[in-house]
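Report on the following structure.
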2 protein chains.
Amino acid sequence: MGRTRRTRRRERNRQPDSTLLKVPQPIMKAPIYELADAQAVEQIHNTALDLLEEIGIDFIDDKAVEILKAHGVKVGGETGYTAYFDRDMVMEYVAKAPSIYKQQARNSERNVMIGGRYACFAPVYGPPFVRDRDRGRREATLEDFTNFVKLVYQMPYLHSSGGTLMEPMDEPNHTRHLDMLYAHIKYSDKPFMGSVTSAANAQDSAEICKLLLGDRYAETACMTSLINVSSPRRYDDRMLGALMVYAREMQGMIISPFLISGAMGPVSVAGTAIQAHMEVLSGVAFAQMVQAGAPCIYGVFNASIDLKSGAPVFGSAEAAATTYVSGQMARHVGLPYRSAGNFASSKVADTQAAYESVMAMTPGILANANFVLHAAGWLEGGLASGYEKLVLDHEALAYHCRFMEGLDMSDNGLALDALREVAPGGHHLGTAHTMANYRTAFVRSDMFDYNSYEQWLEEGEVTAEQQANKKWKQMLKDYEAPALDPAIDEAIQAYMTKRKSEIEPEY
Amino acid sequence: MGRTRRTRRRERNRQPDSTLLKVPQPIMKAPIYELADAQAVEQIHNTALDLLEEIGIDFIDDKAVEILKAHGVKVGGETGYTAYFDRDMVMEYVAKAPSIYKQQARNSERNVMIGGRYACFAPVYGPPFVRDRDRGRREATLEDFTNFVKLVYQMPYLHSSGGTLMEPMDEPNHTRHLDMLYAHIKYSDKPFMGSVTSAANAQDSAEICKLLLGDRYAETACMTSLINVSSPRRYDDRMLGALMVYAREMQGMIISPFLISGAMGPVSVAGTAIQAHMEVLSGVAFAQMVQAGAPCIYGVFNASIDLKSGAPVFGSAEAAATTYVSGQMARHVGLPYRSAGNFASSKVADTQAAYESVMAMTPGILANANFVLHAAGWLEGGLASGYEKLVLDHEALAYHCRFMEGLDMSDNGLALDALREVAPGGHHLGTAHTMANYRTAFVRSDMFDYNSYEQWLEEGEVTAEQQANKKWKQMLKDYEAPALDPAIDEAIQAYMTKRKSEIEPEY
């Protein structure tokens, strides 16, 4: 850690206004925006519970069905896997999940709180491709994956190192979860997400965390992992396998309907919110049947379908509305909320990408999403992770964190002395109040251009994307890994070697 | 009008999803976001009234001082022009201004409501430069100005044709207000803004409107014009001259503090809001002394200063907060509200510009700004109007208008039939509900790219800015002017010729 601290000090000296500093996890002190009125919230809630009784939801896993039946859930229907939940039972089990939990990191300074008024931002998750300005779009590799871990490690407004930052396609499919986990552990000390592609992979994630944390493992969750619902109304065996492992291990789970309205959900906002509510509540109830008290997040991934091309559209007004309403539904049932992200349909980090991203992200802030996956680096509807996009989105996160601080009505905020000091037509630049506050008064991007046109011209008409390209390259040069106990490192590597020799590829 | 209607029909046939259709002026049906609590609103209000009594505000115009004195305002101080307003008197006069008014256009279908829950979007105002991808950044000309009028005319989410879309630098400074007015009148039938550069220019604007509207002129305001406060705490003679003309003519006035926090106002949000409140209330009170009932808008133009370079920063978290709070202050005193805009510091319509723009514009929507100037086309901190930026910002306005519609909790919104119809793991694309709603379910951009990566590649990797470049060129080709009565046209031209021979240039 000594070398890293020294490096950071050097950077700070070089860039006095750098955002590459440690900042506390943001807490939403501003009011939360509520789109639905109290009656609408009740109606969505009750309708979802009606439908869970009436039409139910599929749990396509024999072990899961066994657990559901053992807890008195009626399972059957056309598929034989449809679970019909009694409304009181759903709420009884959902109430067992904590409304807030701590996720620990190997560096306890990086621990995060998930729930309450906290927000935790995590980078892009899942794309098979990666893009940068120099090499264009290509299949992602483990080197790209590692680069992203290193970049995110240096980004103070990303509180989680994330999970599948991209699929490292140069590693075999059946063992790459181990390589991804190792990269998060070795090259960052931030909290991260576990593998969810099977029960075995989830168990690997847990075992590696036990090696990493030792006795601390039992204290509180050290992973928050993404359990996607195969919307509409279906949990598949892979996700249920992972869910059951994480529940037993008392690890955080984002129970997350994957809703492209018009495809996996109705084209309307209220209809989408009802379906999400059904899917989340049944999944959380099931997790609590597996292990009462296991941390669950109310997750909603939402975009609109482009009814012309069939492609998902991000940053839509309708998805914004769903983000607000679903946040209200999560608070209504007392669960932490996951939603939003710097989503974009655009192929590159261009104007379109930015419009889409801010429009998708801002509702997450005002809805007080407690966990925001894809908060930086998402391109092309989730098919590509972008180096420049990662850097650019991170700039915007700084802005959101500042907004969350709310309105300062202290004497310093009211600034009466400054108002009295400056004569009509005068200037506030030199006031005592400005002098006392200038370091912290405004969040400022080091990367965005505020120079005069002439200076900008002279410096080569650099666009934001070009600037971002320079920035991530410099960050990779500046990177120094956080120290990891060599004995722990060795133990984890030994576990990985053993598992790589054991796991059979699936065909 | 016949030819224009036919043309529109042709366009509609060519582009079935085109946004180039007539859409109603948006009404904010979603809740308004309130950042300040009731106590904070009271405190800002009372503090501003305290300061208007204690430190006052300058009205640098002898005629204005005469009017203030005649209404019992104490004027004096160090400059001799400082007006000290009694708090009860301020509120007594502010109460005479309407909380909502109609602004008529020559085509009454284009009339707009200013106030209440309505929003009216107007394009960029004021830059001396213009930019497009082909010719770069250069001094604006009357041809560029006219092009912008033609483009805005075809943009359904811009409800006002605006005012000084840019300064036509190829026209003499002392007469170009006439050319700008004529372009708005000849090439558009939307409502517009009058000249504010002097009392005489304001009077020219009024006289031309009388020729345009005849008897209708007296019915309701036909201009909403921008009266900038020379913040901090100063109204200059030019703006006061224009204000007095417009007040007497019962035309709409945006009384608008120009607040770069850290320069023209304190570096804090609450301090900035207090100063804005002082400046607006005194200006509105003065306007009501000139003519009771003259329509006044509570205006707040706000950005943060970059305390490193001295440049204004747009889309900041602090400006967003000010936008929310000042909206509350406007409603507190019962005035229509002007704020926000698609502001950007960026020189080009790039990623930075888009981040900044959405971050500056969204608070205006959620704060229910009733009039949004600079809603499209602003670049470079207001130094340049951008052709591509105009087109791109307009896409985002469609999104905001949809969001303002609020949450649909009707049976169609709840979509219970669709939820019941689709089996677990099924698809909503083909449901009766989707079929019934697909035309209007989502706002879709015709310009943004939602194609597959492969298709995008094949079509030449077109970025949003390139797409926008194509679009405005096509729009200029497609443009057909709305018919204008030749007798009226002639009368206005004759007035302009006469005035151009009369007005003396200033040196």
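The values are calculated or read from the model by the stated rules, or taken from the named source; none is laboratory data. Note that the structure is a prediction, hence the values are computed from the model and not measured. Neighbour counts are summed over all protein chains in view; Cβ atoms, including those assigned to glycine, are modelled from backbone coordinates with ideal geometry.
Table for the structure above
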quantity: Only one of B:Ala270, B:Ala292, B:Ala311 that is of a type outside the set (Ser, Thr, Tyr), within 9 Å of another protein chain (Cβ to nearest Cβ), surrounded by fewer than 24 Cβ atoms within 10 Å (Cβ to Cβ) and touching a residue at least 12 places away in the same chain (Cβ under 8 Å); calculated: B:Ala311
quantity: The stretch B:324-341, residues that are within 10 Å of chain A (Cβ to nearest Cβ) and under 19 Å from B:Glu395 (Cα atoms); calculated: none
quantity: Test set (1) more than 9 Å from every other protein chain (Cβ to nearest Cβ); (2) without any contact (Cβ under 8 Å) to a residue 24 or more places away in the chain; (3) more than 28 Å from the chain's Cα centre (by Cα); (4) over 28 Å from B:Ile55 (Cα atoms) - A:Lys477 fails condition number; calculated: (3)
quantity: Tally, over the stretch A:498-507, of residues that are modelled with pLDDT of 95 or more and touching a helix residue (DSSP H, G or I) at 6+ places or on another chain (Cβ under 9 Å); calculated: 2
quantity: Wholly enclosed strands (runs of 3 or more DSSP E) of the stretch B:80-179 bearing at least 3 residues more than 22 Å from B:Thr224 (Cβ to Cβ) and not polar (S, T, N, Q); calculated: B:129-132, B:136-139
quantity: From the options B:Ala321, B:Ala349, B:Ala353, residue that is facing chain A (nearest Cβ under 8 Å), in a loop (DSSP other than H, G, I, E, B), crowded, with 24+ Cβ neighbours inside 10 Å and more than 17 Å from the chain's Cα centre (by Cα); calculated: B:Ala349
quantity: Answer residue from the stretch A:61-78, given it is in a loop (DSSP other than H, G, I, E, B) and more than 16 Å from A:Met278 (Cβ to Cβ) and is modelled with the lowest pLDDT among those; calculated: A:Glu78
quantity: Among residues of the stretch B:240-288, those that are part of a strand (DSSP E or B) and closer than 20 Å to B:Asn201 by Cβ, counted; calculated: 6
quantity: Some residue of the stretch A:485-499 being assigned to a helix (DSSP H, G or I), within 26 Å of the chain's Cα centre (by Cα) and without any contact (Cβ under 8 Å) to a residue 60 or more places away in the chain; calculated: no
quantity: Checklist (1) over 21 Å from A:Asn370 (Cα atoms); (2) crowded, with 24+ Cβ neighbours inside 10 Å; (3) touching a Ser or Thr at 6+ places or on another chain (Cβ under 9 Å) applied to A:Ile208, failing item; calculated: (3)
quantity: Filter pass, B:Ala396 being closer than 29 Å to A:Gly265 by Cβ, free of Cβ contacts under 8 Å to residues at least 24 places away in the same chain and crowded, with 19+ Cβ neighbours inside 10 Å; calculated: no
quantity: Complete set of residues in the stretch B:414-428 that are surrounded by fewer than 17 Cβ atoms within 10 Å (Cβ to Cβ) and within 7 Å of chain A (Cβ to nearest Cβ); calculated: B:Arg420, B:Gly425, B:Gly426, B:His427
quantity: Per-region count, the stretch A:64-82, residues closer than 14 Å to A:Tyr235 by Cα and touching a Leu at 6+ places or on another chain (Cβ under 9 Å); calculated: 2
quantity: Identity of the residue in the stretch B:401-411, within 7 Å of another protein chain (Cβ to nearest Cβ) and either free of Cβ contacts under 8 Å to residues at least 12 places away in the same chain or not in a loop (DSSP other than H, G, I, E, B) (or both), that ends up farthest from B:Lys29 (Cα to Cα); calculated: B:Met409
quantity: Residue list for the stretch A:22-45, restricted to those being closer than 23 Å to B:Ala38 by Cβ and assigned to a loop (DSSP other than H, G, I, E, B); calculated: A:Met28, A:Lys29, A:Ala30, A:Pro31, A:Ile32, A:Tyr33, A:Glu34, A:Leu35, A:Ala36, A:Asp37
quantity: Residue, farthest from B:Gly77 (Cα to Cα), within the stretch B:32-49, restricted to residues that are at the interface with chain A (Cβ under 9 Å from one of its Cβ atoms) and surrounded by fewer than 16 Cβ atoms within 10 Å (Cβ to Cβ); calculated: B:Asp37
quantity: Hey, B:His374 surrounded by fewer than 19 Cβ atoms within 10 Å (Cβ to Cβ) and either in contact with a His (Cβ under 6 Å, 6 or more places away or on another chain) or in a loop (DSSP other than H, G, I, E, B) (or both) or not; calculated: no
quantity: Set A:Ala70, A:Ala97: member being away from chain B (no Cβ under 14 Å) and surrounded by 14 or more Cβ atoms within 10 Å (Cβ to Cβ); calculated: A:Ala97
quantity: Boolean, A:Thr224 is outside any helix (DSSP H, G or I), surrounded by fewer than 24 Cβ atoms within 10 Å (Cβ to Cβ), among the β-branched types (Val, Ile, Thr) and away from chain B (no Cβ under 14 Å); calculated: no
quantity: In the stretch B:274-289, the residues that are more than 14 Å from chain A (Cβ to nearest Cβ) and crowded, with 24+ Cβ neighbours inside 10 Å; calculated: B:Val280, B:Leu281, B:Val284, B:Ala285, B:Phe286, B:Ala287
quantity: Check on B:Ala432, touching a residue at least 40 places away in the same chain (Cβ under 8 Å), small (Gly, Ala, Ser) and either more than 7 Å from chain A (Cβ to nearest Cβ) or crowded, with 21+ Cβ neighbours inside 10 Å (or both); calculated: no
quantity: Only one of B:Tyr387, B:Tyr355, B:Tyr337 that is closer than 30 Å to B:Met91 by Cβ and not charged (D, E, K, R); calculated: B:Tyr337
quantity: Test: residue in the stretch A:372-394 that is farther than 30 Å from A:Leu142 by Cβ, facing chain B (nearest Cβ under 10 Å) and at pLDDT 95 or above; calculated: no
quantity: Condition met for B:Ala48 (more than 30 Å from B:Ala321 (Cβ to Cβ) and modelled with pLDDT of 95 or more); calculated: no
quantity: Odd one out for B:Trp456, checked against (1) out of contact with any Lys or Arg (no Cβ under 8 Å at 6 or more places or on another chain); (2) within 14 Å of chain A (Cβ to nearest Cβ); calculated: (1)
quantity: Residues located in the stretch A:435-449, provided they are surrounded by fewer than 21 Cβ atoms within 10 Å (Cβ to Cβ) and more than 7 Å from chain B (Cβ to nearest Cβ); calculated: A:Met435, A:Ala436, A:Arg439, A:Thr440, A:Asp446, A:Met447
quantity: First in the stretch B:453-467 and without any contact (Cβ under 8 Å) to a residue 40 or more places away in the chain, second anywhere and small (Gly, Ala, Ser), Cβ under 8 Å, 6 or more apart; calculated: B:Tyr453/A:Ala384
quantity: B:Ser198 vs. criteria among the small types (Gly, Ala, Ser) and within 14 Å of another protein chain (Cβ to nearest Cβ); calculated: no
